[in-house]
Every structure is written in structure tokens, then in C-alpha cells.
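The values are calculated or read from the model by the stated rules, or taken from the named source; none is laboratory data. Bear in mind that the values here come from a model prediction, so they are computed numbers and not experimental data. Neighbour counts are summed over all protein chains in view; Cβ atoms, including those assigned to glycine, are modelled from backbone coordinates with ideal geometry. Ligands, DNA and RNA are excluded from the accessible area calculation, which covers all protein heavy atoms including side chains. Shrake-Rupley method; radii C 1.70, N 1.55, O 1.52, S 1.80 Å.
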Amino acid sequence: MSRPSPTSPLRLGLIGFGCVGQGLYDILQRQPAAGFVVQRIAVKNPTKLRPLPADRFEFHADDLLDDPSLDILVEVIDDPAEAFRLVSEALRRGRRVVTANKAMVARHLPELIALQRRFGGTLLYEAAVCGSIPVIRTIDAYFGQEALPEVSGIFNGSSNYVLTGMTSAGADYATVLAEAQAQGFAETDPTLDMAAFDPRAKAVILAAHAHGRLLDPDQVLNLGIEHITAADIRFAAGRGQKIKVVACLHRLPGGGTTVFVAPQLLGPESPLYHVEREFNGVEVEAEFAGPHFWRGRGAGGHPTGSAVLADLAALRAGFRYAYPKLGALTTTLPADLEVEVYLRNLPQPLQAALALRDVSDAPAAPDRAEDYVIGYARLSLLHRHRDALRAAGAFVARTGPLRPVAEVPAPAHREPAVLAG
């Protein structure tokens with residue numbers, strides 16, 4: 001492969017020209033001194049209108065993989081399967097690659113690591129997690145030798161935008177979701193964001209760097225806000241709290257790790273309480289360095305494009321992820337814990353299936369017409385019945401701490417009662 005002179009810009013092959021691709025292109029046009037030039041652009045749809053002349057685009061991404069004059073390949077398409085095909089083939093050829101595809105990385109991280117080790121290529125993916133916040137590289141490089149008992153945060157700007165609108169403006173879910181879609185903060189099909197599949201993928205990626213765990217995304221619990229209503233917002237406000245979708249990576253004393261994503265009620269004492277609209281926030285608890293908090297834009301072409309640019313600069317400097325906490329390339333199942341949760345619109349059969357413990361007697365609220373219950377549920381049972389909860393229109397939110405299942409007292413000999421508010 002030919003290499004430019006030290007003073008020549010690095011030549012990029014850009015695969016995809018959607019929100020992130022256009023954001024990166026615009027940044028590079030404004031910052032020519034950055035030292036990168038987009039040499040070739042491959043897209044899928046030849047009839048789609050784009051803000052550049054038609055002759056700037058081609059329609060066979062594999063041609064970019066075959067071009068030895070390109071120094072770095074940048075993959076920013078929205079198809080995880082095609083992204084994996086292209087990225088894995090590039091790594092087999094020893095290429096340097098940057099991707100923003102969190103679903104692809106989360107699903108195939110063990111294979112991607114193995115390909116880099118075998119063929120000598122390099123893959124960076126800072127833009128795949130939390131937009132403009134440099135969380136992956138910071139955890140991998142700065143905290144590589146330090147235990148992180150907990151990493152948590154708001155990893156999805158789309159759902160956070162919706163929650164901000166419902167909380168601050170009193171708007172209903174459908175109205176704010178439509179606004180988020182119009183602003184470009186949510187997709188036409190909002191399932192990945194609102195059902196928390198997107199932050200789940202990001203949590204799986206961070207687990208490899210923060211705790212050295214390679215997880216199967218399908219084995220990680222994700223609960224979303226598709227069925228949230230104004231009643232849930234009022235319930236949280238009555239406690240002086242807000243609802244946020246929070247990803248949690250919790251390290252157990254014995255070395256196990258629990259990873260899950262769920263709505264959570266948070267008070268002003270939490271820095272995540274103050275993270276609004278499309279912003280993301282990440283809390284890191286380090287064993288020796290103590291607590292850290294990072295906040296930044298988690299959505300949009302320029303914020304995510306800036307993360308791609310940072311990876312390009314890192315590749316030019318020879319950086320690659322060290323994965324210092326990673327052992328053998330095996331999947332590790334998360335340890336089971338119990339968590340205190342608020343559940344609304346929960347059918348009796350599902351309530352029995354969740355085997356709630358320590359059900360609390362919540363005070364009645366005269367403006368609530370719906371039934372709800374608060375109690376401890378096992379993460380494994382919430383995961384097992386996640387699809388049934390979604391199909392029933394139930395809303396679930398974390399309200400309290402985690403605790404090991406082994407420390408839970410024996411259940412009382414009675415069916416848990418649904419508490420009407």
C-alpha cells in the first residue's frame with residue numbers, strides 16, 4: 001500500500017454519506033489543516049439527492065477496499081450486516097478502519113478483535129458510543145490499569161430528548177417523538193432508540209473496555225420508554241425526580257459484571273438529572289481516581305463527525321485499542337442481581353411471573369388513574385419477560401439500588417398486591 005509523504009494529507013475512503021458522513025465531510029472542508037482529504041465516497045442509492053455533485057459518488061463500496069491509495073477507510077452506513085461484511089474484509093486485508101456503527105461493533109466485537117490480532121489491521125470506533133464524548137479511548141487508555149466498580153450514563157440522545165420534552169414542556173410522548181424526528185434526533189422507526197436497543201449496544205461495547213467482558217447483546221436486559229405516559233412523569237416529579245434512560249455496568253466484588261439498560265428515577269444529586277435534550281452523560285467510578293462525569297452531545301452530524309475525526313487523528317499517530325482488561329475471547333454471562341422497580345400497567349400474570357419481593361405500600365395519589373407497584377425484581381426475570389412486558393404496554397423504571405440475589409430474604413407466602421394510586 002502506498003503511503004503519502006509526512007506532509008501530505010491522508011486519503012480517506014468514505015463509505016456512507018448520511019448524517020455522520022456529511023458531518024465529517026463538512027468538518028474536513030472547514031478544517032483543511034487537519035490533514036485528511038476525502039478521496040472517494042461510496043453510497044448505496046444512486047437516485048438520492050445529496051449536497052454534493054453526483055460525480056463525487058460511486059456505488060460499489062468494495063472498490064474502495066480494493067484501492068491501495070486510500071490510507072484509511074471510514075464506514076458510516078446504517079446497515080449492521082453490510083457494515084460487518086465491509087469492515088471485516090478490510091481488516092483481513094490489514095487496513096485501518098474507523099466505524100460509527102455501534103450495533104455492528106457490539107454484535108461482532110470478539111471477531112473484530114481477532115481479525116485485528118491476526119492480520120494487523122486497526123479498527124477504532126469512538127463515534128459508536130456517546131457521540132462527542134471521548135469515553136472509549138479514555139477508559140481504554142487512561143483507566144486501563146484501574147478497576148472501575150461502576151460505569152453508567154445516558155447513552156442515547158433521542159430518548160433523552162423525548163424525556164426532556166415530556167418533563168419540561170408537559171408534552172405527550174407522541175408529540176415530542178415527532179419533534180425529535182423532525183429535528184433529526186430520532187429515526188423514522190424509533191424502536192432502536194426508544195426501546196433502548198441503541199444504548200444496550202453502547203453498553204456492550206463499553207463492557208469490553210471498562211471490565212474486560214465480551215457480552216452477547218441479546219443476553220443484556222434493555223427496557224425502554226415506548227409506553228411512558230404523563231402519569232409516570234408526574235410520579236417521578238412527586239418524588240422530586242426525573243426519569244432518564246440509564247445504562248449501568250456494575251462490577252461485582254468477585255469479578256463478575258452486570259450490564260443492563262432501563263429507565264431510572266433520578267434526583268438532583270445525580271449529575272445525570274441535569275443532562276437534557278440530545279446530550280449524553282457518562283459517570284465513571286474508579287477505584288483510586290474516584291468519581292468522574294463527562295457530558296456532551298450524543299447525536300447529530302457534527303458531534304459524531306468530530307469523534308470520527310478524533311479517531312482519524314489517533315490512527316495517524318499509530319494508536320490502537322489495547323483492551324488491557326480483556327482475557328480470552330469468550331462471552332461472559334452477566335451476574336444476576338435484584339433491583340427496585342416501579343411498574344405501571346402490569347398484568348397480574350406478569351406480576352406473578354416477576355416474583356416481586358419487598359413490595360412497598362406507596363401512598364395513593366388522587367390524580368393517578370392507573371395501577372402501579374413498587375418492589376424488587378430479578379434482572380434475569382425482567383430480561384426473560386421483557387418482550388411480554390413490552391407487548392402488554394407495561395412501563396418499568398428503576399427506583400432504587402441493586403442488591404445480590406443471595407442476600408434477599410425468603411419470599412412471603414402471599415401474592416404481591418397491585419397498588420392502586
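Structure notes:
- For segment 240-257, the tally of residues that are under 27 Å from Gly157 (Cβ atoms) and surrounded by 13 or more Cβ atoms within 10 Å (Cβ to Cβ) stands at 12.
- Scan segment 198-226 for residues that are in contact (Cβ under 8 Å) with a residue 60 or more places away in the chain and assigned to a helix (DSSP H, G or I) and the total you get is 13.
- Identity of the residue in segment 285-321, assigned to a loop (DSSP other than H, G, I, E, B) and modelled with pLDDT under 95, that ends up surrounded by the most Cβ atoms within 10 Å (Cβ to Cβ): Gly298
- All positions within segment 129-152 that are open to solvent by 10 Å² or more (accessible area, probe 1.4 Å) and not in a loop (DSSP other than H, G, I, E, B): Arg137, Thr138, Ala141, Tyr142, Glu150, Ser152
- Residues of segment 94-111 satisfying the condition of being assigned to a helix (DSSP H, G or I) and either under 23 Å from Phe36 (Cβ atoms) or open to solvent by 10 Å² or more (accessible area, probe 1.4 Å) (or both): Lys102, Ala103, Met104, Val105, Arg107, His108, Pro110, Glu111
- Count - residues of segment 171-191 that are open to solvent by 60 Å² or more (accessible area, probe 1.4 Å) and part of a loop (DSSP other than H, G, I, E, B): 5
- In segment 227-284, residue farthest from the chain's Cα centre (by Cα) [restricted to those that are part of a loop (DSSP other than H, G, I, E, B) and closer than 21 Å to Leu177 by Cα]: Thr229
- Taken over segment 47-59, residues that are assigned to a loop (DSSP other than H, G, I, E, B) and surrounded by 10 or more Cβ atoms within 10 Å (Cβ to Cβ) amount to 4.
- Among residues of segment 343-374 being within 20 Å of Ile243 (Cβ to Cβ) and small (Gly, Ala, Ser), the one that is modelled with the lowest pLDDT is Ala369.
- Yes/no for Arg3 being open to solvent by 60 Å² or more (accessible area, probe 1.4 Å), closer than 18 Å to Gly120 by Cα, modelled with pLDDT under 95 and out of contact with any helix residue (DSSP H, G or I) (no Cβ under 6 Å at 6 or more places or on another chain): yes
- When each of Pro263, Pro334 is tested for being buried (at least 16 other Cβ atoms within 10 Å of the Cβ), at pLDDT 95 or above and of a type outside the set (Lys, Arg), the lone residue that passes is Pro263.
- Thr122 vs. criteria of a type in the set (Ser, Thr, Tyr) and either crowded, with 20+ Cβ neighbours inside 10 Å or touching a residue at least 60 places away in the same chain (Cβ under 8 Å) (or both): yes
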